[in-house]
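Student: One structure, pasted below without further comment.
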Amino acid sequence: MSKLFKRTKILATIGPAVNSATQIEELIMAGVNGCRLNFSHGSYAERDQQIEWIRAAAIKKGRSVAILQDLQGPKIRLGLLKDNQMAVAHGDELILDSSVSEHDGSNILPVQYNLATKVKIGDPLFIFDGKIKTHVSAILSATAIKIEVENSGTIMSRKGLNLPDTDFAGDIITPKDLADIEYGASHDFDYVALSFVQSASDIEKLRQILQSHNSTAKIIAKIETKKAISSDHNLEAIVRAADGIMVARGDMAVEAGAEVVPVVQQKLITLCRSYAKICIVATQMLGSMVEQSEPTRAEVSDIATAVMQGADSVMLSDETANGKYPLASVKAMKKVILYTQNNSIPACITKEHRHKYNAISQAAVQLAETIRADVMICQTASGATALSTASERSNIPIITVTSNLRVANQLALVYANTAFVRPYSEGYGLELARELKGSGYLQTPVQQNYLTAVILSGNKDIVGGTDTIKVRHI
């Protein structure tokens, strides 16, 4: 069973390429564990329908599937340009004005955010994923700034701007985000991803807003700004404040430099494992499969590296949202995950990266590996036990049982976890193991007539209240 049990999970973005019940069901049946809904695009009516399709597919498969709401944040974009594009050259001066609604072909360009209140003269400003480099040369008015172009190229309508040295001073939750959060609180989202996080205070602000709407969604901090990774202390504070991290490598590469991304990725995975938080590695993991039916060797290596580093989940963006081969992308990613996990061991974390509140789970995993247990069973109310057990990155499958459907859905993105919802009872972990053995989901090893299970349980009324480890033959 362990060789077929996919330990690193797949998060897929839902978009025009898979916008039907049949296509979403196909993705989930192929191995998708969570669905990302990008709130930079689409309407609430579309989201209502997609949520319904995702939940129906999850029920049909008989597995929990997480839904992640990805907030747009202060995604700064150009407005519509005349003829949809404009050539620029070194030394050109452009004016970005948030009060302009239409471009007349001049050097005055509409922009969907008032930068005049945020930037300083000399701040670098990148356009179109860093293809055009500029810097701020003047602040002209309450709504307009002047920038000087540093290289030749073409800019296009609605392309994003990156300002790596500009301090947005906690102003990363926009009015649009607030409306989207309110919508999400009344719907079925398991996670909310916060874009352009700069500090732990950004997480706390979002948590207060979610609590005001009685939302139990967990927060994923997207690490993509230069300020977020400015120091190890700031990065660790963000990890501790959030419920999980997304390594958003696209904007991070533009803002901080592509060369820093692999190091930051490894650092974040280690921190998340240390604090028993979810870590999602994202952006262009199979970028060529937007247009091509097979991945490149570099992309295969990229996925394998994330698996070997111990990421909880790897994410597909344009590959499933807009690509020509969404289903093939999922299957290719799953194939790489399975081969890598079955032929390598995730990187170990050192003693200084271990924390005392994970001690019970550490002991349980060591025991399970020593006695060569076939499965670990986590009884959990909050998901904390499953998270801390998964952070050890054992090759032993983890079956989680909870009476809370939201917790089960959230655990769908956690390493090696398969969650089941059952009414609470003192021994429902053992009962579930017997049920799964009887159904054939848990298979008895060859030349053995029983399964060896290590069961973790404790006080269901206390988060992290696990205090009991049992070994049972089933």
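Student: Given only helices, namely DSSP H runs of n ≥ 4 each adding -39500 (n - 2.57), what is the per-residue ellipticity at 222 nm of the chain, to the nearest 500 deg cm²/dmol?
Tutor: Estimated from H runs of four or more residues: -10000 deg cm²/dmol.
Student: Kirkwood Rh over alpha-carbon pairs of segment 171-306, then Stokes-Einstein at 20 °C and 1.002 mPa s: what D in µm² s⁻¹, rounded to an integer? Let's see the in-between values first.
Tutor: On the way: Rh = 15.8 Å.
Here the translational diffusion coefficient equals 136 µm²/s.
Student: Next question. Where the eigenvalues come from the Cα gyration tensor of segment 70-129, what are the semi-axes √(5λ) of the equivalent ellipsoid, largest first, in whole Å?
Tutor: Working: eigenvalues 70, 49, 30 Å².
Over the Cα atoms of segment 70-129, the ellipsoid semi-axes are 19, 16, 12 Å.
Student: Next up: Around residue 455, with a cut-off of 9 angstrom between Cβ atoms, what is the net charge of the other residues, counting Lys and Arg +1 and Asp and Glu -1?
Tutor: +2
Student: Further, regarding this structure: Along the Cα-to-C-beta direction of residue 263, a point sits 7 Å from the Cα; which residues of segment 216-253 have their amide N less than 13 Å from that point?
Tutor: What the label zone holds, given the 13 Å backbone N cut-off, is 229-232.
Student: Determine how many Å³ per residue the convex hull of the Cα atoms of segment 82-162 encloses.
Tutor: Numbers: hull volume 6.3 nm³, N = 81.
It is 78 Å³ per residue.
Student: Next up: Relative to the longest principal axis of the chain, what angle (0 to 90°, nearest 10) does the C-alpha long axis of helix 232-241 take?
Tutor: 60 degrees
Student: Let me ask another. Work out the FRET efficiency for residue 450 and residue 367 from their Cβ-Cβ distance, taking R0 = 25 Å, and round it to the nearest 0.05.
Tutor: For R0 = 25 Å, the calculated efficiency reads 0.90.
Student: Report, to the nearest 10°, how far helix 359-370 tilts away from the longest principal axis of the Cα atoms in the chain, using its own Cα long axis and a range of 0 to 90°.
Tutor: Approximately 60 degrees, to the nearest ten.
Student: Moving on to the next point. Would you calculate the separation in nanometres between label points at residue 102 and residue 335, each defined as 7 Å from the Cα along the Cα-to-beta-carbon direction?
Tutor: Output for this residue pair reads 5.2 nm.
Student: While we're here: Once you sort the root eigenvalues of the Cα gyration tensor of segment 355-473 as a ≥ b ≥ c, which label holds: rounded (a/c under 1.5), prolate (a/b larger than b/c) or oblate (the other case)?
Tutor: oblate
Student: Next question, about the same structure. Out of the DSSP beta bridges found with both residues in the chain, what percent are antiparallel (nearest 5)?
Tutor: Bridges in the chain are about 40 percent antiparallel.
Student: In segment 212-319, what GluC sites (Glu not before Pro) fall in a loop by DSSP, with at most 13 other Cβ atoms inside 10 Å?
Tutor: On the way: sites: 224, 236, 255, 259, 291, 299, 319; in loops: 224, 291.
Filter output for segment 212-319: 291.
Student: How many nm is it between the label spots at residue 152 and residue 87, if each spot is 7 Å from the Cα in line with the beta carbon?
Tutor: Modelled inter-label distance: 0.8 nm.
Student: Here's another thing I want to ask about it. Place +1 on the Cβ of every Lys and Arg and -1 on the Cβ of every Asp and Glu in the chain, take the dipole about the Cα centre, and give the residue among 451, 14, 287 whose Cα lies farthest towards its positive end.
Tutor: About the Cα centre, the residue reaching furthest to the positive side is 451.
Student: Residue separation times 0.36 nm, minus the C-alpha to C-alpha distance between residue 182 and residue 46: what's the value?
Tutor: On the way: separation 136, 0.36 × 136 = 48.96 nm, distance 1.63 nm.
That pair, residue 182 and residue 46, stretches by 47.3 nm at full extension.
Student: What ranking of 398, 132, 209 emerges when the number of other C-beta atoms within 10 Å of each C-beta is taken as an exposure proxy, fewest first?
Tutor: Numbers: 398 28, 132 22, 209 17.
By the 10 Å Cβ count, ascending: 209, 132, 398.
Student: Residue 467 to residue 230: FRET efficiency via 1/(1 + (r/R0)^6), r the Cβ-Cβ distance, R0 41 Å, to the nearest 0.05?
Tutor: It comes to 0.55.
Student: Sticking with this one: When 39, 128, 420 are ordered from fewest to most other Cβ atoms inside 10 Å of their Cβ, what list results?
Tutor: Listing 39, 128, 420 from fewest to most nearby Cβ atoms yields 128, 420, 39.
Student: Oh, and also: Work out the FRET efficiency for residue 139 and residue 159 from their Cβ-Cβ distance, taking R0 = 25 Å, and round it to the nearest 0.05.
Tutor: 0.65
Bear in mind that the values in this text are calculations on the coordinates, not laboratory data. This structure is a prediction, so every number in the text was calculated from the model and none was measured. Because the Cβ atoms are built from the backbone with ideal geometry, glycine has one as well, and the counts that use them run over all protein chains shown.
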